[in-house]
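Report on the structure given below.
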Amino acid sequence: MDMNTDKLREELHAVIGDAEELLKATAGQTGERIEKVRARAEQSVRVARQRLQAAGDDVRDAARELNGRVHDNPWTAVGIAAGVGVIAGLILARK
């Protein structure tokens, strides 16, 4: 994962944590409107947690698959990496 993905994941964890704290802090509040807002917030937190977990699982699965392919075809991986390096070097040299 790159740095932006890691930062986004950390921020999402923080938002989920803050939302859970807010839900706990307002647990004693009553009223129909507050209950509706709390129910929507709880559902949003559940969905966010599930999506974050699923995204993490997808990334792990992709990493395992890539690792397997590199181990199966190491010279192909080296060639692709060298090609990408040459192309990146050419692009950066133009600027």
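Every number in this text was worked out from the coordinates using simple rules, so none of it is lab data. Worth saying up front: this structure is predicted, and the values here are computed from it rather than measured. Using ideal geometry, Cβ is built from the backbone for each residue, glycine included, and neighbour counts are taken over all protein chains shown.
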Check: Using a simple charge model, +1 on the beta-carbon of Lys and Arg, -1 on the beta-carbon of Asp and Glu, nothing else, what dipole does the chain show about its Cα centre, in debye to the nearest 20?
Finding: 260
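Given only helices, namely DSSP H runs of n ≥ 4 each adding -39500 (n - 2.57), what is the per-residue ellipticity at 222 nm of the chain, to the nearest 500 deg cm²/dmol? Could the numbers behind the result be given before it?
On the way: 3 runs with 85 residues, N = 95.
It lands at -32000 deg cm²/dmol.
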Note to self: Can you classify the chain as rounded, prolate or oblate using the Cα gyration tensor, where a ≥ b ≥ c are the square roots of its eigenvalues, rounded means a/c under 1.5, and otherwise it's prolate if a/b beats b/c and oblate if not?
What the structure shows: prolate
Checklist line | Nitroxide proxy distance, nm - points 7 Å out along Cα→Cβ at residue 64 and residue 27 | finding: 3.6
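Please identify the helices of the chain, taking whole runs of DSSP H, that span at least 24 Å along their own axis as judged from the Cα atoms and have a mean Kyte-Doolittle score of 0.5 or higher. Intermediate values should be presented prior to the final figure.
Details: long enough: 3-25 (33 Å, -0.43); 32-72 (60 Å, -1.11); 74-94 (30 Å, 1.59).
Sorted by number, the helices that extend far enough and score high enough are 74-94.
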